[in-house]
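Just below is one structure, and these are the notes that go with it.
The values are calculated or read from the model by the stated rules, or taken from the named source; none is laboratory data. Keep in mind the model is a prediction, meaning the values are calculated, not measured. Don't worry about glycine lacking a Cβ; one is built from the backbone with ideal geometry, like all the others, and counts go over all protein chains shown. Side chains included, ligands, DNA and RNA excluded: accessible areas come from the protein's heavy atoms. Shrake-Rupley method; radii C 1.70, N 1.55, O 1.52, S 1.80 Å.
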Amino acid sequence: MCGIIGAISYRNIVDILLDGLRRLEYRGYDSSGLAIVDIHGQVMCLRRLGGVQNLSDAVENTILSGTIGIAHTRWATHGKPAEINAHPHTSSDISIVHNGIIENYQSIYKQLRECGYICSSETDTEVVAHLVDWEGKQGGSFLEVVQRVLPRLRGTYGMVILDRRMPDRLIAARSGSPLVIGCSIGENFIGSDPIALLPITRRLIYLEEGDIAQITASSIMIFDRCGNSVQRSEILSNIRHDSVNKGVYHHYMQKEIYEQSTVIKKRLQGCLKNNKVDFSELGSKNEILLKNLKHIQIVACGTSYNAGMVARYWFESLIQVPCDVEIASEFRYRQPVVRHNSFLITLSQSGETADTLAALRLSKTMRYLGSLAICNVPGSSLVRESDLVLMTQAGPEIGVASTKSFTTQLTILLMLLAKISYLKGMKPDIERNIVEALKVLPYRIDQMLLKNDFMADLAKDFINKENALFLGRGTQYPIAMEGALKLKEISYIHAEAYAAGELKHGPLALIDDNMPVIVVAPDNDLLEKIKSNIEEVRARGGSLYIFTNAQFCVLNIENMHIISIPYVEAIITPIAYIVPLQLLSYHIALLKGNNVDQPRNLAKSVTVE
Ligand code: M6R
C-alpha cells in the first residue's frame with residue numbers, strides 16, 4: 001500500500017521518480033507527490049490529488065531539475081485523499097515519504113506542539129517529519145538523528161528521508177513495510193517495490209526488519225536495529241521490466257486473465273517430470289516436514305483465502321489430510337489451538353500482506369512443524385521469513401483484482417497435494433491423476449478464454465443491477481466466493497456467495513426478479529443437489545445464470561440462462577471455472593466505465609492492518 005521511490009544520482013532524477021511512481025501506482029492512487037533538491041539547494045515539493053498523471057502534468061508546467069529526490073503515491077490511511085495529506089511531508093529542511101501507520105503519532109504530536117510545531121495535514125507522517133526536525137536541533141549527524149527518532153515510533157514504516165542541508169544522502173528505514181535498494185554505478189535508488197526500480201537497475205538489496213540505510217550516489221551503509229553496521233546481500237532480479245507493460249491489452253487485469261494459461265504451462269513444465277511432481281526447490285531435507293504433517297493450517301486474505309478454501313476440499317477429499325483455512329486477520333488475534341503435527345501454509349500474491357505476515361510471525365511462537373509460503377513476489381517478506389517457499393511464478397500482477405495469482409496458487413497447491421501423497425506413500429493413482437489433469441489445464445483455460453465475447457455480451461444484463469448472488473457446492477463454493485469478490489471489487493455491485501445448500505437458511509428471502517443468481521454448476525456428483533437449489537430460485541422468480549457443462553432440460557427460457565462451459569477434468573474444475581467469472585466481472589466493470597485496474601478505495605498490496 002502506497003509506493004515509494006527515492007533516487008540519488010549525478011543526473012536529473014525527476015523522470016526517474018515519475019516513471020517509478022507510474023510503475024507503483026497500483027499500490028495506491030489517492031494522491032502523489034515528490035520532493036527534490038534543485039541546483040540552488042532549495043527543496044521543490046509538488047503534490048497532487050489523484051493519480052500520478054496529475055503530478056506528471058504539474059511537473060511539466062514547472063522547471064524542475066535535481067540529482068536527489070523522493071516521491072510517493074498514496075493509499076490514504078490517516079487523513080482523507082487530499083493534496084494537503086499527500087506525501088512528501090516536510091518540516092523545515094526535512095522531507096519524508098512513508099508507507100505504514102505510526103500508531104502513537106497523536107502523543108508525539110502533543111509533545112511537539114509544546115515545542116511550537118503545528119501540523120498542516122491530518123497525517124501521521126507529518127508528525128514524523130517534525131520529530132526528525134526537532135531531534136536534528138538536538139545535534140548529531142543526519143543518520144544519528146534518524147536513529148534516535150525511530151525507537152520513539154510505534155507502528156509500521158518504510159520511510160525515506162531527505163534533509164535539504166545534506167543533499168548527498170538519503171536515509172531509509174524499514175519496520176513492517178518493505179524497502180529495497182537499487183544499486184548502480186555512480187547512482188543509487190530506493191523503492192518500496194522492485195518494480196519501481198527495474199528499468200534503472202536489476203541489482204537489488206532488500207532491507208531487513210529494523211534496518212536503517214544511508215544511501216549516497218556512491219555508497220550504501222546499512223545498520224541493524226541495534227545500530228550495528230551490517231551487510232545485506234545483493235541479488236540480481238530476473239523480473240523483466242517490460243513485464244509490467246499492458247502489451248496489446250487495454251488493462252492489466254485483461255492481460256493477466258489472458259496470461260493464465262501461459263504462466264501455468266511454464267510453471268508446470270518446470271515441475272512435472274516423468275509424470276511426477278518435482279519440487280526440488282523445496283530441498284530434499286525439507287520433504288520430511290511434508291511427510292510428517294498430520295494437519296494443514298492455511299492462512300491468507302482475500303483472493304488468496306479463497307484459493308485456500310479450494311485447497312481445503314482437495315486436501316481432505318483427495319488425501320484425507322485434515323485442513324483448516326483461516327482469514328489471517330482473524331487467525332492472528334484469535335489465539336488458535338495448534339493441532340498435532342500441524343504445518344502452516346500462507347498464501348499471498350504480494351508476500352507483503354500485513355495480516356498474513358503477522359500470522360506467519362505469530363506461528364513461529366507456536367508449535368507448528370514449519371511454514372510454507374506460496375507466493376508470487378520473489379524477495380518479499382513472506383518469502384524471506386518462511387521455512388519453505390513455492391513461488392507461483394505468475395509474473396508481476398498489477399491489476400488490483402487478483403486473477404492469475406489465484407489460478408497459479410491453485411496449481412501449486414494441487415502439485416503440493418500430489419507431492420504430499422507421494423511422500424506419505426499413498427496410492428500412486430493420486431499423483432498420477434493430478435499430473436494427468438494438470439497437463440491439460442493450460443488447454444482447458446484457453447478454452448475458457450474463448451468465452452470472452454459471450455461474457456462481454458452477458459455483461460450487459462448486469463450493468464443496472466445493484467446486487468448479485470453466487471452459488472456453488474463443494475470446490476465450486478470457493479469459486480462462487482471468488483466470483484463474487486471479483487464482481488464487487490471492480491464493478492461495485494454488491495455480491496455475496498453462498499454454499500448453495502445454505503440458500504433456504506436465509507438468502508432465499510432476497511430473491512426477486514431483480515436479483516441475478518450466478519450458479520457454478522459443473523457436471524459432477526453434486527449436480528443433482530445444486531439443481532434443486534436452482535429450482536428454489538426459479539420458483540421465486542430470480543434470474544439464473546448457470547455456468548455448466550451439464551445438460552439442462554430447459555435452455556435459456558426466460559430468467560434461466562445456461563452458460564455452456566466446455567468439459568474440464570473434475571480435479572481442475574475450480575481452476576478453470578473461475579476464468580469465465582473473471583471475464584464476466586471485467587466486462588461488467590468496463591461497461592460501467594469503472595477504472596478496472598484501480599478500483600476505488602483499494603490498493604494492490606495491503607501492507608497495513
Ligand atoms: O497479496 P495477497 O494475495 O496477500 O493479497 C490478499 C488480498 O489483499 C487480495 O487477494 C485482494 O483480496 C485482491 N484485491 C482481490 O482481488
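Being open to solvent by 20 Å² or more (accessible area, probe 1.4 Å) and touching a Ser or Thr at 6+ places or on another chain (Cβ under 6 Å) is the filter here; which residues of the stretch 377-388 pass it?
Selection gives VAL377, ASP387.
Residues to consider are LEU449, LEU471, LEU458, LEU441; find the one that is out of contact with any Gly (no Cβ under 8 Å at 6 or more places or on another chain), aliphatic (A, V, I, L, M), away from the ligand (no atom under 16 Å from the Cβ) and more than 30 Å from MET515 (Cβ to Cβ).
LEU441
List the helices (runs of 4 or more DSSP H) inside the stretch 249-308, counting only whole elements, that have at least 1 residues being of a type in the set (Phe, Trp, Tyr) and either open to solvent by less than 30 Å² (accessible area, probe 1.4 Å) or away from the ligand (no atom under 14 Å from the Cβ) (or both).
Counting at least 1 such residues, we get 252-258.
How about the stretch 316-330: which of its residues are farther than 13 Å from GLN297 by Cβ and within 13 Å of the ligand (Cβ to nearest atom)?
SER329
Pick from TYR545, TYR586, TYR577, TYR567: which is touching a residue at least 12 places away in the same chain (Cβ under 8 Å) and surrounded by fewer than 16 Cβ atoms within 10 Å (Cβ to Cβ)?
Exactly one residue qualifies, and that residue is TYR567.
VAL299 - would you say it is closer than 29 Å to ASN99 by Cα and touching a residue at least 60 places away in the same chain (Cβ under 8 Å)?
yes
Select from the stretch 43-64 the residues that are open to solvent by less than 50 Å² (accessible area, probe 1.4 Å) and more than 28 Å from the chain's Cα centre (by Cα) and list them in ascending order.
The answer is VAL43, LEU46, ALA58, VAL59, THR62, LEU64.
Name the residue that is most open to solvent (accessible area, probe 1.4 Å), counting only residues in the stretch 225-248 that are assigned to a strand (DSSP E or B) and not polar (S, T, N, Q).
LEU236
Given the residues ALA373, ALA468, ALA394, which is the only one that is touching a Lys or Arg at 6+ places or on another chain (Cβ under 7 Å) and not in a helix (DSSP H, G or I)?
ALA394
Can you tell me which residue is nearest to ASP597 (Cα to Cα) among those in the stretch 488-515 that are modelled with pLDDT of 95 or more and touching a strand residue (DSSP E or B) at 6+ places or on another chain (Cβ under 8 Å)?
Out of the qualifying residues, it is LYS488.
In this structure, does HIS78 turn out to be under 27 Å from the mean Cα position of the chain (by Cα) and either within 24 Å of ALA7 (Cα to Cα) or of a type in the set (S, T, N, Q) (or both)?
No; evaluated as a whole, the condition is false for this residue.
Against the conditions (1) closer than 27 Å to SER184 by Cβ; (2) of a type in the set (Phe, Trp, Tyr); (3) open to solvent by 30 Å² or more (accessible area, probe 1.4 Å), where does TYR105 fall short? Just the number, please.
(1)
In the stretch 342-356, which residues are in contact with a helix residue (DSSP H, G or I) (Cβ under 6 Å, 6 or more places away or on another chain) and open to solvent by 10 Å² or more (accessible area, probe 1.4 Å)?
GLN349, GLU352, ASP355
Out of MET426, MET481, which single residue is open to solvent by 10 Å² or more (accessible area, probe 1.4 Å) and within 16 Å of the ligand (Cβ to nearest atom)?
MET481 is the lone residue from the list that is open to solvent by 10 Å² or more (accessible area, probe 1.4 Å) and within 16 Å of the ligand (Cβ to nearest atom).
For the condition at pLDDT 95 or above and surrounded by 21 or more Cβ atoms within 10 Å (Cβ to Cβ), what is the one hit in LEU204, LEU143, LEU198?
LEU204
Could you check the stretch 348-392 and list, in sequence order, the residues that are within 8 Å of the ligand (Cβ to nearest atom) and out of contact with any strand residue (DSSP E or B) (no Cβ under 9 Å at 6 or more places or on another chain)?
Once the filter is applied, which keeps residues that are within 8 Å of the ligand (Cβ to nearest atom) and out of contact with any strand residue (DSSP E or B) (no Cβ under 9 Å at 6 or more places or on another chain), the stretch 348-392 yields only GLU352.
State whether the residues of the stretch 514-536 include one that is among the small types (Gly, Ala, Ser), surrounded by 16 or more Cβ atoms within 10 Å (Cβ to Cβ) and touching a His at 6+ places or on another chain (Cβ under 8 Å).
no
Kindly indicate which of THR156, THR123 is closer than 19 Å to ALA76 by Cα, in contact with a strand residue (DSSP E or B) (Cβ under 9 Å, 6 or more places away or on another chain) and open to solvent by less than 10 Å² (accessible area, probe 1.4 Å).
Of the residues listed, the single one that is closer than 19 Å to ALA76 by Cα, in contact with a strand residue (DSSP E or B) (Cβ under 9 Å, 6 or more places away or on another chain) and open to solvent by less than 10 Å² (accessible area, probe 1.4 Å) is THR123.
Quick test of your reading of the structure: GLU496 fulfils all but one of (1) part of a helix (DSSP H, G or I); (2) within 16 Å of the ligand (Cβ to nearest atom); (3) in contact with a Pro (Cβ under 8 Å, 6 or more places away or on another chain). Name the failing condition by number.
All conditions are met except number (1).
Between TYR313, TYR333, which is under 18 Å from ILE412 (Cβ atoms), away from the ligand (no atom under 14 Å from the Cβ) and open to solvent by 10 Å² or more (accessible area, probe 1.4 Å)?
Answer to the check: TYR313.
Identify, please: which residue in the stretch 167-195 is surrounded by fewer than 24 Cβ atoms within 10 Å (Cβ to Cβ) and acidic (Asp, Glu) and is, among those, farthest from LEU24 (Cα to Cα)?
ASP168
Can you confirm whether the stretch 389-405 contains a residue that is open to solvent by less than 10 Å² (accessible area, probe 1.4 Å) and in contact with a His (Cβ under 7 Å, 6 or more places away or on another chain)?
Yes, the stretch 389-405 contains at least one residue that is open to solvent by less than 10 Å² (accessible area, probe 1.4 Å) and in contact with a His (Cβ under 7 Å, 6 or more places away or on another chain).
Go through (1) at negative phi; (2) open to solvent by 20 Å² or more (accessible area, probe 1.4 Å) and name the single condition ILE490 misses.
It fails just one condition, (2).
Can we say ASN341 is at pLDDT 95 or above and more than 16 Å from the ligand (Cβ to nearest atom)?
yes
Which residues, taken from the stretch 14-53, are in contact (Cβ under 8 Å) with a residue 60 or more places away in the chain and in a loop (DSSP other than H, G, I, E, B)?
If the condition is that a residue be in contact (Cβ under 8 Å) with a residue 60 or more places away in the chain and in a loop (DSSP other than H, G, I, E, B), then GLY28, TYR29, GLY41, GLN42, GLY51 are the ones that fit.
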